[in-house]
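Trainee: Provided herewith is a single structure, encoded as structure tokens, for subsequent inquiry.
The values are calculated or read from the model by the stated rules, or taken from the named source; none is laboratory data. Since the model is a prediction, treat every value here as computed from it, not as a measurement. Glycine also receives a Cβ, built like all others from the backbone with ideal geometry; neighbour counts cover every protein chain displayed.
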């Protein structure tokens, strides 16, 4: 879930599982030291889970091939920053996830997105975003690409939806989004 500090307006990704059954928790903002209150969400309201710079791939850059695997020390998720699904977080829980408007692992409510628009492929510590022949393409840092290696906090756009890759150290409670 995304929480916002009332003191400095910074946004953080917080894993609700860290509440360990408690109804709420209070954490200190690492930036301004304001206490942030976090309340457990009702499972019925829970965000769908599927378990800033980008390295744009040129023709000479090789995309990792072969084995797809999730990193053991990190959790990957996609935060929707702009679009109809703004505020939702999707947990990437398998090494290849399809993003699209239908028939996809992560379904986004955007008519400008193809049914199977793009794929996120995880090769251990490396993550690659690939266009699957979509009509409107994918954009990383507002540059249209067919594929791109993306890193923590890389923003990318599919149709009118802007997303951010978030890589969270499994030992951390809060991760700064801004």
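Trainee: Could you please let me know if residue 119 is crowded, with 20+ Cβ neighbours inside 10 Å, out of contact with any helix residue (DSSP H, G or I) (no Cβ under 9 Å at 6 or more places or on another chain) and under 21 Å from residue 79 (Cβ atoms)?
Mentor: no
Trainee: Let me ask something additional. Of all residues in region 31-51 being at pLDDT 75 or above and surrounded by 16 or more Cβ atoms within 10 Å (Cβ to Cβ), which is farthest from residue 85 (Cα to Cα)?
Mentor: Per the criteria, the residue is 36.
Trainee: Related question: I'd like the full set of residues that are touching a strand residue (DSSP E or B) at 6+ places or on another chain (Cβ under 6 Å) and either within 19 Å of residue 95 (Cβ to Cβ) or not assigned by TED's automatic domain parsing to the domain that holds residue 115 (or both), limited to region 139-160.
Mentor: Once the filter is applied, which keeps residues that are touching a strand residue (DSSP E or B) at 6+ places or on another chain (Cβ under 6 Å) and either within 19 Å of residue 95 (Cβ to Cβ) or not assigned by TED's automatic domain parsing to the domain that holds residue 115 (or both), region 139-160 yields 147, 148, 149, 150, 152, 154, 156.
Trainee: Which numbered condition in (1) under 23 Å from residue 151 (Cα atoms); (2) at pLDDT below 85 is the only one that residue 74 fails?
Mentor: Residue 74 satisfies every listed condition except (2).
Trainee: Going by the structure shown, is residue 92 touching a strand residue (DSSP E or B) at 6+ places or on another chain (Cβ under 7 Å) and at pLDDT 95 or above?
Mentor: no
Trainee: Then there is this: Tell me which residues, restricted to region 1-30, are within 25 Å of residue 85 (Cβ to Cβ) and in a strand (DSSP E or B).
Mentor: 2, 3, 4, 11, 12, 13, 14
Trainee: Determine if region 109-122 includes at least one residue that is touching a strand residue (DSSP E or B) at 6+ places or on another chain (Cβ under 9 Å), within 30 Å of residue 38 (Cα to Cα) and assigned to a loop (DSSP other than H, G, I, E, B).
Mentor: Scanning region 109-122 turns up at least one residue that is touching a strand residue (DSSP E or B) at 6+ places or on another chain (Cβ under 9 Å), within 30 Å of residue 38 (Cα to Cα) and assigned to a loop (DSSP other than H, G, I, E, B).
Trainee: Here's another thing I want to ask about it. Pick from 163, 108, 177: which is at pLDDT 95 or above, within 24 Å of residue 71 (Cβ to Cβ) and outside the structural domain of residue 20 (by TED's automatic domain parsing)?
Mentor: 163
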